[in-house]
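The values are calculated or read from the model by the stated rules, or taken from the named source; none is laboratory data. In this text, all values refer to a predicted model and were calculated from it rather than measured experimentally. Here the Cβ positions follow ideal geometry from the backbone for every residue, glycine too, while neighbour counts run over all protein chains shown.
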Amino acid sequence: ENAEVYKNQVASFRKKNPYYKYIAARTAFLGEYYEMSIKRYKEAIRLKGDEHLFYYGLALAYLKTGDVKKAETNINMAMQHSWSDEKKAYYRNALNKLDSRPVN
């Protein structure tokens, strides 16, 4: 009986935890389930919209699906929510690399 209570508490916590969603998104990405990764990153962002890592992960997933425009948008969001100049420079460099990609 107690086990069921704890199981429900864990499930409830996971639904509310943006970092759990982030790990799920990253796991899906590494498994090459990019659409699932996108879904999980969006869930994480809905729970915590000021985390730059979520936006950058979402950008990478969009890149894998070929949606460069959404990737650019989310790298910009990552840059906007980043708190360090070093990270902002990293994201700026990532954008520059996207801009310099050859067009098919």
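Conditions tested, residue by residue: (1) at pLDDT 95 or above; (2) surrounded by 14 or more Cβ atoms within 10 Å (Cβ to Cβ); (3) over 16 Å from Ile75 (Cα atoms); (4) in contact with a Pro (Cβ under 8 Å, 6 or more places away or on another chain).
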{"residue": "Ala3", "(1), (2), (3), (4)": "no, no, yes, no"}
{"residue": "Lys7", "(1), (2), (3), (4)": "no, no, yes, no"}
{"residue": "Lys15", "(1), (2), (3), (4)": "no, no, yes, no"}
{"residue": "Ala25", "(1), (2), (3), (4)": "yes, yes, yes, no"}
{"residue": "Met36", "(1), (2), (3), (4)": "yes, yes, yes, no"}
{"residue": "Leu47", "(1), (2), (3), (4)": "yes, yes, yes, yes"}
{"residue": "Leu53", "(1), (2), (3), (4)": "yes, yes, no, no"}
{"residue": "Gly57", "(1), (2), (3), (4)": "yes, yes, no, no"}
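Per the listing Asp99, Asp67, Asp85, the residue uniquely surrounded by 12 or more Cβ atoms within 10 Å (Cβ to Cβ) and acidic (Asp, Glu) is Asp67. Here Gln80 passes the criteria (1) part of a helix (DSSP H, G or I); (2) within 13 Å of the chain's Cα centre (by Cα) except the one numbered (2). All conditions but one from (1) out of contact with any helix residue (DSSP H, G or I) (no Cβ under 6 Å at 6 or more places or on another chain); (2) at pLDDT 95 or above apply to Ser100; the one that does not is (2).
Residues in segment 70-82 that are surrounded by 16 or more Cβ atoms within 10 Å (Cβ to Cβ) and of a type outside the set (Gly, Ala, Ser): Lys70, Glu72, Asn74, Ile75, Met77, Met79, His81. Against the definition (in contact (Cβ under 8 Å) with a residue 24 or more places away in the chain and β-branched (Val, Ile, Thr)), how does Thr65 come out, yes or no? Yes: the conditions hold for Thr65.
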